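Chemist: Take this structure, written in structure tokens, and hold onto it; I'll ask about it next.
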Amino acid sequence: MEFLVLSRLDGADSAVEVVERKGLGHPDTICDALAETLSRNLCRAYRHRFGEILHHNVDKALLCGGRAAPAFGGGSVLAPITVYLAGRATTEVGNASIDIREIAIEGSQSWVRANLHALDAERDVQFQVLTEPGSQDLQELFARRPLQRVALANDTSIGVGYAPLSPLERLVLSAEKRINGRDRQHDRPAWGEDMKVMGLRSGSMVHLTVACAMIGRYLAHIDDYLGEKAAIEKTIVELATEHGFSRCEVKVNAADDASAGKIYLTVTGTSAEAGDDGQVGRGNRINGLITPCRPMSLEAAAGKNPVTHVGKIYNVLAGQLAETLVASIPEITAAHCLMASRIGSPITSPAVLEVKLATREGCPVDLLKGRVDDIAAKCLARVPNLVDDFVTGSIGVY
């Protein structure tokens with residue numbers, strides 16, 4: 001494989017590690033989710049109406065927070081959240097057309113109802129759909145296929161991935177999923193979905209700062225609020241122990257000044273109701289984490305089309321390749337992968353694929369090249385099959 005570059009990865013652990021995850025109800029995550037939902041729904045509608053997925057990139061979403069008056073036992077939304085869904089999407093083929101605005105609004109409202117239990121999808125959020133058709137040259141490039149019927153990269157972009165996750169990365173990911181993975185309507189309904197976990201490891205000591213938007217209608221007074229905070233702290237401490245961290249300090253809603261009545265209380269369970277705005281691409285990367293100590297791409301994957309957009313495909317593929325290498329080759333303890341595309345080239349043939357490997361007992365990476373080459377070729381050959389996984393949502397992008 002002429003574009004494969006193999007090199008050694010320094011496997012030394014850093015003395016300091018920082019990991020973040022923005023939860024399901026964070027304004028940035030909401031934007032990612034709504035953009036990706038729109039792309040998936042467009043893919044389904046295109047296939048149903050035209051027999052194939054058409055050109056689109058709806059990866060430009062902006063959330064402008066509303067205004068709210070939270071209170072124990074209730075509270076009210078004074079001005080709704082506004083979400084702008086923008087990007088490019090095919091609207092017509094010949095005399096046949098598709099109603100993108102209807103698809104966007106219905107899909108967005110369905111996502112809100114399914115994922116944010118205290119937010120009214122019709123009353124508390126307004127959706128503005130600003131999509132337009134793409135340029136003729138990019139639509140033509142999307143439709144073009146060489147003889148082998150492999151899609152052509154629609155951009156010159158990069159994708160990065162690594163494996164395995166560190167213990168702290170696994171803990172931060174698990175913490176948000178544990179909190180938001182419960183039956184939120186009936187189990188601790190006062191916990192809003194807008195949760196952020198920041199993990200800091202210095203040596204063997206771990207500090208976790210957790211923000212969770214509490215919902216006033218489920219809390220009678222300040223003692224209830226403090227009790228819910230304590231329950232979150234207990235849950236996270238127990239989870240840290242499960243992940244092997246015997247020394248873990250947890251702070252929940254660290255900016256609170258309960259004696260002065262300054263607490264993280266909301267009406268809807270998300271800071272988007274008044275305190276924060278959101279945008280696609282400002283939150284979690286493909287693996288669900290924000291990891292400044294690791295290889296990271298600034299690419300906003302959510303909402304990009306799953307057929308030709310290498311900014312989406314290569315970031316997923318790089319992570320999958322790294323995971324496969326670590327799982328399949330016993331000599332490899334860690335892998336970093338970087339893929340770069342060239343617009344107009346087949347997506348299965350990147351301009352460069354760099355693989356950095358940490359190995360057991362100093363095993364020379366050159367001795368592994370044949371097996372790495374074989375695994376990389378198989379991963380690249382699977383690229384066309386990723387489309388259905390994106391459309392069904394079995395591949396996450398945030």
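The values are calculated or read from the model by the stated rules, or taken from the named source; none is laboratory data. Fair warning: this is a prediction, and the values are worked out from it, not measured in the lab. Glycine also receives a Cβ, built like all others from the backbone with ideal geometry; neighbour counts cover every protein chain displayed.
Chemist: Can you tell me which residue in the stretch 70-122 is nearest to the chain's Cα centre (by Cα), limited to those that are of a type in the set (S, T, N, Q) and surrounded by 19 or more Cβ atoms within 10 Å (Cβ to Cβ)?
Modeler: SER108
Chemist: When residues of the stretch 358-380 are filtered for being under 33 Å from the mean Cα position of the chain (by Cα) and of a type in the set (Asp, Glu), how many remain?
Modeler: Final tally of qualifying residues: 2.
Chemist: Moving on. Name every residue in the stretch 67-124 that is part of a strand (DSSP E or B), within 22 Å of HIS26 (Cβ to Cβ), aliphatic (A, V, I, L, M) and touching a helix residue (DSSP H, G or I) at 6+ places or on another chain (Cβ under 7 Å), in order of residue number.
Modeler: Selection gives ALA68, VAL77, ILE81, VAL83, LEU85.
Chemist: Criterion first (at pLDDT 95 or above and in a helix (DSSP H, G or I)) does LYS356 satisfy it?
Modeler: When the stated conditions are applied, LYS356 does not pass them.
Chemist: Right, something else. Among the residues of the stretch 318-332, write down those that are touching a strand residue (DSSP E or B) at 6+ places or on another chain (Cβ under 9 Å) and outside any helix (DSSP H, G or I).
Modeler: ILE329, GLU331, ILE332
Chemist: Okay, moving on. Which count do you get for residues in the stretch 356-398 that are under 25 Å from MET296 (Cβ atoms) and charged (D, E, K, R)?
Modeler: Number of matching residues: 3.
Chemist: Going by the conditions given, is GLY319 surrounded by fewer than 23 Cβ atoms within 10 Å (Cβ to Cβ) and either at pLDDT below 95 or of a type in the set (Lys, Arg) (or both)?
Modeler: Considered against the rule, which asks whether it is surrounded by fewer than 23 Cβ atoms within 10 Å (Cβ to Cβ) and either at pLDDT below 95 or of a type in the set (Lys, Arg) (or both), GLY319 comes out as no.
Chemist: Being of a type in the set (A, V, I, L, M, F, W, C), touching a residue at least 40 places away in the same chain (Cβ under 8 Å) and more than 14 Å from ALA89 (Cβ to Cβ) is the requirement here; does VAL58 meet it?
Modeler: No, not satisfied.
Chemist: Something else now. So is ALA254 outside any strand (DSSP E or B) and under 21 Å from ALA274 (Cβ atoms) or not?
Modeler: It is true that ALA254 is outside any strand (DSSP E or B) and under 21 Å from ALA274 (Cβ atoms).
Chemist: Step by step: first the residues of the stretch 239-288, then only those that are β-branched (Val, Ile, Thr) and closer than 11 Å to ALA213 by Cα, then the one that is surrounded by the most Cβ atoms within 10 Å (Cβ to Cβ). Which residue is that?
Modeler: Checked the stretch 239-288; the qualifying residue surrounded by the most Cβ atoms within 10 Å (Cβ to Cβ) is THR270.
Chemist: Could you check the stretch 92-131 and list, in sequence order, the residues that are polar (S, T, N, Q) and within 16 Å of HIS56 (Cβ to Cβ)?
Modeler: Listed by number, the residues that qualify are SER97, SER108, THR131.
Chemist: Let me ask something else about it. Please tell me if ALA69 is more than 30 Å from GLU140 (Cα to Cα), in contact with a Lys or Arg (Cβ under 7 Å, 6 or more places away or on another chain) and either free of Cβ contacts under 8 Å to residues at least 12 places away in the same chain or among the aliphatic types (A, V, I, L, M) (or both).
Modeler: Against the criterion (more than 30 Å from GLU140 (Cα to Cα), in contact with a Lys or Arg (Cβ under 7 Å, 6 or more places away or on another chain) and either free of Cβ contacts under 8 Å to residues at least 12 places away in the same chain or among the aliphatic types (A, V, I, L, M) (or both)), ALA69 does not qualify.
Chemist: Is one or more of the residues making up the stretch 215-231 closer than 18 Å to LYS22 by Cβ and either small (Gly, Ala, Ser) or crowded, with 22+ Cβ neighbours inside 10 Å (or both)?
Modeler: No: the stretch 215-231 contains no residue that is closer than 18 Å to LYS22 by Cβ and either small (Gly, Ala, Ser) or crowded, with 22+ Cβ neighbours inside 10 Å (or both).
Chemist: Here's a follow-up. What number of residues within the stretch 260-283 satisfy the criterion of being part of a loop (DSSP other than H, G, I, E, B), in contact with a helix residue (DSSP H, G or I) (Cβ under 7 Å, 6 or more places away or on another chain) and closer than 30 Å to LEU338 by Cβ?
Modeler: So the answer is 3.
Chemist: Can you pull out the residues in the stretch 174-192 that are charged (D, E, K, R), in contact (Cβ under 8 Å) with a residue 12 or more places away in the chain and not in a loop (DSSP other than H, G, I, E, B)?
Modeler: GLU176, ARG178
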